[in-house]
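See below for the structure under consideration.
Nothing in this text is a laboratory measurement; each read-out follows from the coordinates by a stated rule. Everything numeric in this text was worked out from a predicted model, so none of it was measured. Neighbour counts are summed over all protein chains in view; Cβ atoms, including those assigned to glycine, are modelled from backbone coordinates with ideal geometry.
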């Protein structure tokens, strides 16, 4: 029974997880807009979603062993997101003298688009849960 519920909610859970990770990545691009030689990164959301759904269990980050309370867990290793989704370099629209490839217009648009799609995902999960609650209440 729990397995069926997990499968029922897996798509939206995976989508929200990838959207949240992508939002962090875009925010990192925006934060480094003035960093010399910084290369803007992004993911191919469609292929990342296919990869997440192909796995038997949802993607989860494996935490590093921390020997002290002061150790921080890295959000990104620079090559892939925690679920194994490869990080890609965003294409250069307009080059900068300092080698930075962050285009603030592109990043702002991607940030807003991703945030809107995240909200839509939350709405979908809410509808799924309401449907499950209605089925439980009607079944009594």
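Just a few scattered comments:
- Rounded tilt (10° steps) of 104-138 against the dominant C-alpha axis of the chain: 10
- Among 17, 28, the order by Cβ neighbours within 10 angstrom, fewest to most, reads 28, 17.
- Two-site FRET efficiency, residue 94 against residue 134, from Cβ-Cβ distance with R₀ of 30 Å, rounded to 0.05: 0.05
- Helix 45-54 and the long axis of the chain differ in direction by around 40°, with both axes built from C-alpha atoms.
- Per-pair calculated FRET efficiency, R0 = 41 Å: residue 123 and residue 34 via Cβ, rounded to 0.05: 0.70
- Neighbour-count order for 133, 124, 49, fewest beta carbons within 10 angstrom listed first: 133, 124, 49
- In the chain, the longest principal axis of the Cα atoms and the axis of helix 2-31 are about 20 degrees apart.
- In the frame of its principal axes, the chain has Cα extents of 68, 40, 27 Å, reported largest first.
- Comparing 43, 129, 26 in a Gaussian network model of the chain where C-alpha atoms under 10 Å apart are linked, the largest mean-square fluctuation is found at 129.
- Calculated [θ] (222 nm, deg cm²/dmol) that DSSP helices of n ≥ 4 give over the chain, each run adding -39,500 (n - 2.57): -19000 deg cm²/dmol
- Mean-position separation - Cα centroids, the range 11-55 and the range 109-136, in angstrom: 18
- Each of 103, 98 has some number of other Cβ atoms within 10 Å of its Cβ, and from fewest to most they run 98, 103.
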